[in-house]
Amino acid sequence: MLADVAPPRIARRLLLGGALVFAASLPAGAQEVVKLGLVAAMSGQSAKSGEAIVRGLSLAVDEINAGGGLLGKKVELIVRDDESNPAKGAIAARELVQREKVAALFGGLDTPVSLAIVPFANQNKVPFMGVWAAGTPITRNGATENYVFRVSAVDELVDKALVDYSIAKHQAKKPGMILINNPWGESNEKGLKAALAAKNIPYAGIEKFETNDVDVVPQLSRLKEAGADVLYLVANVAPSSQVVKSLDRMGWTVPIVSHWGPAGGRFSELAGASAAKVHFIQTYSFSGKLSPKGEAVLAALKKKYPEIKTLADVTPAVGIANAYDAMHLTALAIGKAQSLEGPKVREAFYAIDSYAGLIKTYQKPFSPENQDALSEKDYLFTHFVEGEILPLTQ
């Protein structure tokens with residue numbers, strides 16, 4: 001059950017499958033539910049990614065409710081749009097916890113937004129499950145009691161994978177970095193420097209750019225003059241497309257090895273024909289031969305969301321897959337805790353033995369030393385082909 005909840009007895013809007021519809025408010029007696037909250041970008045350039053997260057969470061909620069819910073109650077997902085704005089994300093998280101009384105928060109797309117929520121979650125002892133944002137400090141935040149968990153990529157591990165892939169695929173000897181100028185870019189700058197240093201590989205340079213830049217030719221020209229033979233790209237959909245278009249204007253055909261930002265929206269449309277040249281990391285793909293779980297989830301997606309006609313319509317798959325597994329792992333923790341109290345649920349995450357998920361079968365996915373359920377072994381490289389994200393062979 002998915003709702004954008006308003007005060008009792010007032011008509012409210014519900015977000016269903018990405019569409020806003022109106023419904024009458026439920027009577028007070030119907031509030032006997034387990035509320036879980038999502039803070040994610042549901043509008044703007046990343047809206048498609050936010051929609052994917054909602055779909056993954058909603059499919060899992062349907063399955064949980066069909067199995068009897070949690071603690072004998074139905075699960076309700078309450079969604080808030082952070083508009084990719086850290087301040088709005090922090091306000092939304094506070095409202096979900098303090099007014100809606102959610103038992104756990106799910107975090108969305110942007111590392112800066114998630115980092116703004118982390119202190120609140122830890123201070124208020126509310127489990128906060130990341131399903132997209134990859135900034136290393138989100139889970140590795142230094143808190144004595146850490147309430148932040150994640151089923152997603154982690155920058156530090158992604159950066160090692162980017163370096164390894166660039167060496168294996170492109171024989172990189174002097175790569176350059178073109179990074180978005182925000183905390184996500186900073187997280188990857190640190191990770192890429194460390195990964196290159198471990199391989200004794202020098203870098204040609206580090207260039208930063210802004211989300212609204214429409215021309216990054218000057219930055220790219222400096223990297224070209226410095227002898228960059230591969231570019232590591234870290235940015236979301238629109239700025240990544242500007243990098244590709246700037247390269248086209250320059251006539252520079254340097255290989256691009258990217259974090260997963262391009263997967264989050266209309267990248268193939270915005271970047272044009274050269275979009276397929278960008279090789280980017282993912283945690284899951286619905287393309288190719290699927291496991292029985294994958295086949296079942298894809299069938300459920302098509303049934304719940306009739307607008308899905310082809311595999312291109314389930315892009316980005318990582319939003320769906322990460323969120324689906326994260327919801328089921330959170331439900332397992334609540335079930336083990338037999339409580340909605342944050343400290344008890346936190347301890348129960350550590351007690352999860354195994355879960356046969358969509359991305360993989362998780363074995364002891366969380367510990368106080370590692371609150372990220374995925375490792376670099378769970379990544380694959382992909383590219384866009386006619387709007388569909390297809391796996392690449394190394």
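For the reader, a short list of remarks on this structure follows.
- Given their separation in residues at 0.36 nm each and the Cα-Cα distance between them, Lys309 and Glu32 gain 96.1 nm when the chain is fully extended.
- Chain lengthening between Arg94 and Trp252 when straightened (0.36 nm per residue, less Cα-Cα): 52.2 nm
- Rounded, prolate or oblate (a/c below 1.5 giving rounded, otherwise prolate when a/b exceeds b/c) for the stretch 173-212 by Cα gyration tensor: oblate
- Cβ-placed point charges (K, R +1; D, E -1), dipole of the chain about Cα centre in debye, nearest 20: 400 debye
- Calculated FRET efficiency, Thr211 to Ser354, Cβ-Cβ distance, R0 = 45 Å: about 0.65 to the nearest 0.05.
- When only the Cβ of Lys, Arg, Asp and Glu is charged (+1, +1, -1, -1), the dipole of the stretch 156-282 relative to its Cα centre reaches about 340 debye.
- Cα shape, the stretch 186-236, gyration tensor, a/c 1.5 rule: oblate
- Relative contact order, whole percent, for the stretch 156-282 stands at 26, derived from Cα pairs under 8 Å and 6 or more residues apart.
- Normalised per residue, the volume of the convex hull around the Cα set of the chain (Å³): 127 Å³
- Within straight-line cross-link reach of Lys344, lysines at Cα separation under 19 Å, skipping those fewer than 8 residues along the same chain: Lys35, Lys73, Lys101, Lys125, Lys336, Lys364
- Relative contact order of the chain, taken over Cα pairs closer than 8 Å and 6 or more residues apart, is 16 percent.
- Taken as Cα centroids, the stretch 186-220 and the stretch 356-394 sit 24 Å apart, rounded to the nearest whole angstrom.
- When only Cα pairs below 8 angstrom with a gap of at least 6 residues are kept, the stretch 253-394 shows a relative contact order of 29 percent.
- Scattering curve values for the stretch 156-282, log₁₀ I(q)/I(0), Debye with Cα scatterers, q = 0.12 Å⁻¹: -0.37
- Helix-derived mean residue ellipticity, 222 nm - over the chain, DSSP H n ≥ 4, -39500 (n - 2.57), to 500: -12000 deg cm²/dmol
- Positive-end residue of Ala52, Ala351, Gln371, charge dipole of the chain with Cβ unit charges: Ala351
- Shape call, the stretch 231-315: gyration tensor on alpha carbons, a/c limit 1.5: prolate
Laboratory data are not the source of any read-out in this text; all were calculated from the coordinates shown. Just so you know, these numbers come straight off a predicted model, no measurement behind them. Neighbour counts run over all protein chains shown; Cβ positions are idealised from the backbone, glycine included.
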